[in-house]
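Below: one structure, written as structure tokens.
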Amino acid sequence: MDQKEPRNTQNINDNEKTKKQTPAGTNANSANFSPESPEATPVRMETEKVQEIINSEEIKEKEYTPSEELSEMDSGNTKVRRGSRRLSDAAPPFSRRKTLAQSDLMAVFYMPNTMKQHTVTEIPFEPEGDLDYQDEFPSWEPTLERAIKAIVSIKANCVRSFDTETSGNYTATGFVVDAKNGIILSNRHVVNPAPIVAQAFFTNYEEVELLPIYRDPIHDFGFFKFDPSKIKFMDLCEIKLAPNKSKVGMEIRVVGNDAGEKLSILSGTLARLDRNSPDYGVGEYNDFNTFYMQAASGTSGGSSGSPVLNIYGDAIALNAGGSNKASSSYYLPLNRIAKALRHIQAGELVPRGTIQTEFEHLPYDELRRLGLGHQLEKSMREKYPDETGMLSVKNVMPGGPAHNILHSGDILIAMNDHPLTNFIQIAQVLDDNVGANIKLTILRCRKAYTMYVNVMDLHLITPSKFVEIGGGVVNELSYQVARGYGLPVQGVYVASSGHMLGSASVWRGSIIMSINHKKTETLEEFSKVVSSLSSGTRVPIRYFAIDQQHKEKVMIMNVACEWHPFRMAKLSQSTGLWEYTELIKPKKSDNLIAQTVRFPNLGNNLKPANLLWPSIVSIDFHIPYLVDGMVTTQFYGPGYIIDKDEGLIVCDRDTVPISMGDVSVTFAQSLVISAKIILLHPIYNFTILKYDVNLIGDTLVKSLEFEPEYWEGSKKLDQGDPVVLVAIGNDHNPIVRRTLVSSRTMLSTRECAPPRWRATNVEGVNLEDQPSCQGGLLTNEKGQVLSFWMNFSSQDSKGKEMAFMAGVDPSILEPVIRAYKKDGRVTIRSLDVEFWTIRPAAARSLGLSNRRLQEMESNSKSYSKFYYVLGLLNTQSPSYKLFKSGDILLELNGKLVTNIEQVAVIYDKDPVKITILRDGNEMDIPVHTSELSILETKKVIGWAGGIIQEPYRAVQEQVKKLPSKVYVTCTLFGSPASGYGLKPGVWITEIEGNKIYTMDDFIDRIQSLAKRSEDYSGDKESILEGAIESGYVRLNVVNKIGVSKVISMRLDEHYWPSMCITVKDDNPFEWSCNFDISKF
């Protein structure tokens, strides 16, 4: 905290007046200002002295009256913005009316959720002026006809999570309060403290761009600005702010975008003018130090920012929120809004002062229990006959100007010798004395005290910058968040974790204390520390969650900034944009030092684990973007060293499911190094990794030893075979379990939504005793591997995630390892058909001959079984036109098919001859096999917040015909793609009428769009005269069932620059990121 000016504490008694000067240089937050402090012990003020202050003529002359603060405004116009937040039943019973899509990963797989707004109440006022307009406005009809022209619906994208807000798109309402200057009033949670892109739609459907010019740090109001010259087809109107005309029993109309309906008119009757501020939940934005009005108008999501109109067409309040469990709606009074508007119209900064103290209005009966004397109560009631209570201190922020000066329960009598009973009077004093000391007269434990507190600038503790790091966002802790948790207003707050911070489980709502043992108390310190790190390393990060601030945590963070921009954004007050400054990214270290670790000696009691443990490692995998159908970003599991000399490791595809991401391998739970993905098997459930053998020094690792017959495939585990399961437990300790194989069967997986890879055409074994573990090996007593114990991921019939463990034969891995060791090239071919077993009895019913049945029985070691076509995996493959569901497979190249491995993968033959049984007849069909990629996705494009890639194999399985090779796999919250309805799971087929089929076509078109945008950046009307359509791009998209749709989307290269992530030309196992669209 900055050093504050010294404050005085004044003590008064009947006989003398003493004044104790605070020593120069004393911090304003010092405990020396506490009334209990020996250096600042206040003398209590007798009742007569307090009455003297209350009744003084000087004070009466300077008394704050509603007429002084709430003078009527000149006519003005208001704007609206889309939004509304609806909280769950478990949340507080109030809601903000703003529709919003949220996620700590900033990604949405389906349509954004719709959420609710919130609302406000005010203090009692005496109406002023002539209210008798019945002759001019005899009904509501002319009033609404005029007002509707000034009311707009707002559509906005919150482009980044920031402070109390999360990224997403929403709708809300606003209204014009200054038609000449183009100023629109709405709620703070609509104008939003976070960076936003917003448009307003007038009643005649003309659209204008909105620029947020002011959002109040505390109260729920803010202003947008637009260009009035852009409105071509209607005369602009404005709604007058009349904060002094509200009274209980007044009939009102709330006009706005209620429930996203663009225009709804809700009626009500003002029931209260002095309701306490609604509570929307800890950690959320909440208004305080103000009254709210209340009426049963039943507003809902989208009505945030609607004007509350009287019958004369004046706005008497601003709709802000409502109850989830009743029809009550809450409105913010216009007193401070009217004053802020005058400052803005004059081109001045709106002054906002604070002593970081929350007050509450208490009725006199409660105040008496806090120590209010009869004589003081009588004096206050005589001075303010219409008031029913006074203000009391609710809480004081630690480290704030009033810390150790004011205490909860203090009754506020006067400020600067001005008696007060409501929030408007407090706001007036604080806003007029920013940077100065003010005198407070309080009552504590039936004793009166006078104290001096320095008023600080509220804007200084309202964050106006943030840092984007590794796909996440951090900003300095705000007054709003700190207040909810009783924290000092300082520290680096995680608004969104992203890829890098998420690797250490530093989620949203955390305060980062240090990184790599260096303090990070400000954003500048945070940025400097991150820049000093080395990319690809792992460093400690100390933090705490704000809801558990007493529990500090230290985790290990992967330094991975290469996938995302690393930059700082600062709010420009002149443009309303958040201007970016690139920061220095961590550099990759070339001086990696080899380290040697020792595997523990497990002893003979864990035999054969003691023989296998040097071959088992732990793997962590982190994904920067949700591609290839992924719905989560962090994976872990065991890996097994296949070749210690080459540094080859095998793991299941539930541990490393896709090719894009950061892989780290842990040896002996001690040494962590990075690894590369060199093969993702497209059929079977395994991934092959490669690590640098030079980085593990003299660490004694071993290659797995396989039982030769099982490795070659001449022998397989079957029912009743004894095995020893050596596995890694969930606590990373070894598990040894002797058990029997309970069954051998085909492993079933289902198509997933969104589409992702799944294992097909594979047999596995189950165990009689299956302990909970991460995975492991099935061995004999000598420690020779008989099978891999792997995890399989899928979904059930209801689409819920599920996983199961099964033993997989090592023989399916042997051809891949052999081919890789030979020349580093692995060719995998497939029939692109999913097979399943059929019993001989069913096959006989389909026309299987006795000869074939006898032939199968003579070649089978157990019960005879045949395989039939369950489904076709790729409509683009040659097999699609040759096979039909229900075909029974008999022979491959003249050899009887008795094992699924014969047809699951074909490594070196094309074409092949297949003999099938179809409709009771045997036939031979030549089939060209499909060569499958061993890494699949090799290029990803980020455009307008959508993640674009070629359709991968799991997508091709779920569509009859590919509309194009440009597939939208994910959209990010708050992006144009998410806001304008570009859903994940569709194909882009046209851009601006130009056919798109390949990714190269797509890149060419978006590059031309970017160039066109640069050419017309200052003269959009040359594209379309005065029309906003010049900023839109029209897309044709097709979903998986072939239904097409046209989408108009506004691009935003400022907040959502295009990017291209692709494997390197010189190294197909490493990725490069390019954020310059001209160089894609």
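Computed from Cα atoms, the angle from the helix 335-345 axis to the main principal axis of the chain rounds to 80 degrees.
In this structure, the amide hydrogen of S703, modeled 1.01 Å from its nitrogen in the peptide plane, lies closer than 5 angstrom to those of K644, counting only residues at least 5 positions away or on a different chain. Counting Lys and Arg as +1 and Asp and Glu as -1 over every other residue whose Cβ lies under 14 Å from the Cβ of I838, the net charge comes to +3. The overall shape of the stretch 338-392 is prolate: from the C-alpha gyration tensor, with semi-axes ordered a ≥ b ≥ c, the ratio a/c is 1.5 or greater and a/b exceeds b/c. The mean of 1/r over all pairs of different alpha-carbon atoms in the stretch 939-1079, once inverted, gives a Kirkwood hydrodynamic radius of 15.8 Å.
Rounded to the nearest whole Hz, the Karplus-based 3J(HN,Hα) values (6.51 cos²θ - 1.76 cosθ + 1.60, θ = phi - 60°) of the stretch 522-529 follow the sequence 10, 5, 5, 5, 4, 5, 5, 5, with x at glycine and proline. In this Cβ point-charge picture (+1 for Lys and Arg, -1 for Asp and Glu), the chain has a dipole of about 2480 debye about its Cα centre.
Geometric descriptor of the stretch 487-592, per residue, is 110 Å³ (volume of the convex hull of the Cα atoms).
Percent of Cα pairs in the stretch 263-340 per distance bin of 5 Å, from zero to the largest separation: 3, 15, 27, 28, 17, 7, 2, 0.
Under 5 Å from the amide H of N289 lie the amide H atoms of F359, each residue being 5 or more positions distant or on a separate chain, with H modelled from the backbone and absent for Pro and chain starts.
The HN-Hα couplings worked out from phi for the stretch 194-205 by the Karplus form 6.51 cos²θ - 1.76 cosθ + 1.60 (θ = phi - 60°) are 7, x, 9, 10, 9, 10, 10, 10, 7, 5, 8, 6 Hz, whole numbers, x standing for Gly and Pro. Placing unit charges on the Cβ atoms only, positive for Lys and Arg and negative for Asp and Glu, gives the stretch 939-1079 a dipole magnitude near 760 debye about its Cα centre.
Per-residue HN-Hα couplings for the stretch 461-469, Karplus 6.51 cos²θ - 1.76 cosθ + 1.60 at θ = phi - 60°, whole Hz, x for Gly and Pro? My calculation for the stretch 461-469 gives 10, 10, x, 9, 7, 8, 10, 8, 9 Hz in order.
Under 15 Å from the Cβ of W711, count the other residues' Cβ atoms, weight Lys and Arg +1, Asp and Glu -1, and hand me the total. Result for the neighbourhood of W711: -3. Neighbours of L873, meaning other residues whose beta-carbon lies under 11 angstrom from its beta-carbon, give a summed charge of -2 when Lys and Arg score +1 and Asp and Glu score -1. An ellipsoid equivalent to the stretch 827-932, defined through the eigenvalues of its Cα gyration tensor, has semi-axes of 23, 15, 12 Å when rounded to whole angstrom and sorted largest first. The angle between the Cα long axis of helix 814-823 and the main principal axis of the chain comes to about 90°, on a 0 to 90 degree scale. Beyond 24 Å in Cα-Cα separation lie the following of the pairs K965/K1040; K884/K1045; K225/K1045: K884/K1045; K225/K1045. Each semi-axis of the equivalent ellipsoid for the stretch 592-824 is √(5λ) with λ an eigenvalue of the Cα gyration tensor; in descending order they amount to 25, 23, 17 Å.
Candidate cross-link partners of K247 among the lysines, defined by an alpha-carbon separation under 28 Å and a same-chain spacing of 8 or more, comprise K60, K62, K79, K98, K116, K149, K325, K339, K378, K383, K394. From helices alone, the chain scores -3500 deg cm²/dmol at 222 nm; the rule is -39500 (n - 2.57) for each run of n ≥ 4 DSSP H residues, then divide by the residue total. With one equal scatterer per alpha carbon and no solvent term, the Debye-computed log10 I(q)/I(0) for the chain at 0.06, 0.07, 0.08 1/Å reads -0.59, -0.76, -0.92. Which entries of K822/K909; K587/K1011; K180/K983; K518/K939 have Cα-Cα distances beyond 29 Å here? Where the Cα-Cα span goes over 29 Å, the pairs concerned are K587/K1011; K180/K983; K518/K939.
Since only F804, N610, Y364 are under comparison, the one whose Cα sits farthest along the positive direction of the charge dipole of the chain, derived from C-beta charges on Lys, Arg, Asp and Glu, is N610.
Only the coordinates and a few stated rules stand behind these numbers; no lab work does. Keep in mind that this is a model prediction, so the values were computed, not measured. FYI the Cβ positions are ideal-geometry reconstructions off the backbone, even for glycines, and counts take in every protein chain you see.
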